[in-house]
1. Scan the range 188-199 for residues that are buried (at least 18 other Cβ atoms within 10 Å of the Cβ) and either outside the structural domain of ALA100 (by TED's automatic domain parsing) or at pLDDT 95 or above (or both) and report the count.
2. Does GLU119 meet the test of being over 22 Å from ALA70 (Cβ atoms), in a helix (DSSP H, G or I) and of a type in the set (D, E, K, R)?
3. Among the residues of the range 66-91 satisfying the criterion of being touching a residue at least 24 places away in the same chain (Cβ under 8 Å) and surrounded by fewer than 21 Cβ atoms within 10 Å (Cβ to Cβ), which is farthest from PHE43 (Cα to Cα)?
4. Looking only at residues in the range 27-50 that are surrounded by 11 or more Cβ atoms within 10 Å (Cβ to Cβ) and within 18 Å of ALA2 (Cβ to Cβ), which one is nearest to the chain's Cα centre (by Cα)?
5. Of all residues in the range 98-148, count the ones that are within 20 Å of HIS163 (Cβ to Cβ) and aliphatic (A, V, I, L, M).
6. Would you pick out the residues in the range 31-46 that are out of contact with any helix residue (DSSP H, G or I) (no Cβ under 8 Å at 6 or more places or on another chain) and not aromatic (Phe, Trp, Tyr)?
7. Only helices (runs of 4 or more DSSP H) wholly contained in the range 1-91 count here; list those with 2 or more residues that are of a type in the set (Lys, Arg).
8. What single numbered condition from (1) touching a residue at least 60 places away in the same chain (Cβ under 8 Å); (2) basic (Lys, Arg); (3) closer than 16 Å to LEU99 by Cα fails to hold for ARG195?
Amino acid sequence: AAAANALLKILEEPPDQTILVLTAGGASDLLPTIVSRCQPVRFAPLDPDRIVERLVEGHGVAVEDAVVLAALAGGSLAAALALARQGAAAHWRRRRDWLARLLPALGREGPAVALAAAEVLARDGRRATESLELIKTWLRDQLVVDQRPALVVHGDRRDDLQHLARQDRDTGRRIEQIRRIQAAQRALEANAAVRLTLESLFLDLVKDGRRLSGSD
């Protein structure tokens, strides 16, 4: 509180010919009295292609690894670089490919596969939300791969994405799946039980898959 009050005084009486730049993840991170004395400047997330380019050309990350890191980074180069420094790219690439195979299997195999997948991801604890981010961007790419190819995140799997998009043109179903994944991510961020949250999500995706295949 003392630091915030000191900052507030500086904002109210700034030194002459001085521009102060205050960065924050969101306005909710700051006191309302500070926000009210600032001019908001919002920065859009970086395009995945830009992040991939910087990782590959500036930091020597392999293209196939950079694609997955960009998918996890949510438009933040700093987040992508942090993941790269952890040496986790190969792990997340394997996880992405496994999740891509899991989605159609949910509709074919049913609840047993859903519960087993939830158990596997729950071992990551709160980091399970990163696996959900991979599923979300995978589904999103299927929505944009034909009409807005520049927005595709998983560019190394473009042929697979095009095949999936043309095989199932129900965009409304994919959008609803993405919303469910976002709801699960919010629940995990709010400290909901990881395994139960994942089980509920994957069982919902089983129902979606079975409606698509006509199994119900």
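1. Let us first name the residues in the range 188-199 that are buried (at least 18 other Cβ atoms within 10 Å of the Cβ), namely 188, 194, 197-199.
Narrowing further to those that are either outside the structural domain of ALA100 (by TED's automatic domain parsing) or at pLDDT 95 or above (or both): 194, 197-199.
Residues meeting the conditions: 4.
2. Here the answer is yes, as GLU119 does meet what is asked.
3. The residue in question is ALA90.
4. LEU30
5. Our first condition is that a residue be within 20 Å of HIS163 (Cβ to Cβ); within the range 98-148, this holds for 98-108, 134-148.
Still in the running and aliphatic (A, V, I, L, M): 99-100, 102-103, 105-106, 134-135, 139, 143-145.
Residues flagged as within 20 Å of HIS163 (Cβ to Cβ) and aliphatic (A, V, I, L, M) within the range 98-148 amount to 12.
6. PRO32, SER36, GLN39, VAL41, ARG42, ALA44, PRO45
7. Working: elements: 2-12, 32-35, 48-59, 63-73, 77-85.
Once the helices (runs of 4 or more DSSP H) in the range 1-91 are filtered for at least 2 residues that are of a type in the set (Lys, Arg), what remains is 48-59.
8. Failing condition for ARG195: (3).
The values are calculated or read from the model by the stated rules, or taken from the named source; none is laboratory data. Just so you know, these numbers come straight off a predicted model, no measurement behind them. Glycine also receives a Cβ, built like all others from the backbone with ideal geometry; neighbour counts cover every protein chain displayed.
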